[in-house]
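Quick note: the coordinates plus some simple rules give every number you see, no bench work behind them. Please read these numbers as outputs of a predicted model, since none were measured by experiment. FYI the Cβ positions are ideal-geometry reconstructions off the backbone, even for glycines, and counts take in every protein chain you see.
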Amino acid sequence: MKNLPTKTIPKSGWRAPLLALACTALLGLFGSPAMARDEGQPQMNLRRIDLTAGMYRIDTQLAVTPQQREIGLMFRKEMPQQEGMLFVFEVPGVQCFWMRNTILPLTAAFVADDGTIVNLADMKPMSEDSHCSAKPVRYVLEMNQGWFTKRGIKAGTKLGGAPFNR
């Protein structure tokens, strides 16, 4: 058996590829320059629809794309009491939410396809604790913390509106 010659890399030649690899890894971890431009900015101009919870109307912003869902209510300093954000997923699944970069205390309502609230989760600002749906859902409605409790809305309550009227 014949040994094949091995190629050696000159001492000065190994640093550039290693640096390029490290930069690529860091970019993957911390995001691209395009993402950095959006960081720290709340998304305020999402499409809106009206939902209802019993006699209460909710002015709802829709987070439909992966980027809209990822940013959600991050960086918001305030939100009117009658407003919320509905996260819409393509298919039902166990949905888990955290509060990274989210200043407002929120409650997440995990909602089934027919509009029934499956479970509610109060979430602390700036926390990375996970809050998950008790079963697979397509929708999550975030409201100011206490909004559901003050109105007696709990698991089993049915929400109304276009997404649930199929």
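For this structure, a couple of remarks:
- Sequence-ordered 3J(HN,Hα) estimates for the range 75-91 from the Karplus curve with 6.51, -1.76 and 1.60 and θ = phi - 60° stand at 6, 6, 9, 7, 8, x, 4, 8, 9, x, 10, 9, 8, 10, 10, 5, 9 Hz, glycine and proline given as x.
- The range 48-164 - percent relative contact order, Cα under 8 Å, separation 6 or more: 30 percent
- When you count the other C-beta atoms within 10 angstrom of each residue and take the mean per peptide, 130-136, 142-148 line up highest first as 142-148, 130-136.
- Fraction of antiparallel bridges per DSSP, the range 44-166 only, in percent to nearest 5: 85 percent
- Under the simplified labelling scheme, the Arg47-Asp122 pair shows an inter-label distance of 3.5 nm, with each label point 7 Å from Cα along Cα→Cβ.
- Furthest towards positive pole of dipole, Leu106, Ile117, Tyr139, structure part the range 61-166, Cβ charges: Ile117
- Sorted fewest first by neighbouring Cβ atoms within 10 angstrom, Lys77, Lys154 come out as Lys77, Lys154.
- Each of the peptides 90-99, 103-112 was scored by the mean count of other Cβ atoms within 10 Å over its residues; in descending order, highest first, they stand as 103-112, 90-99.
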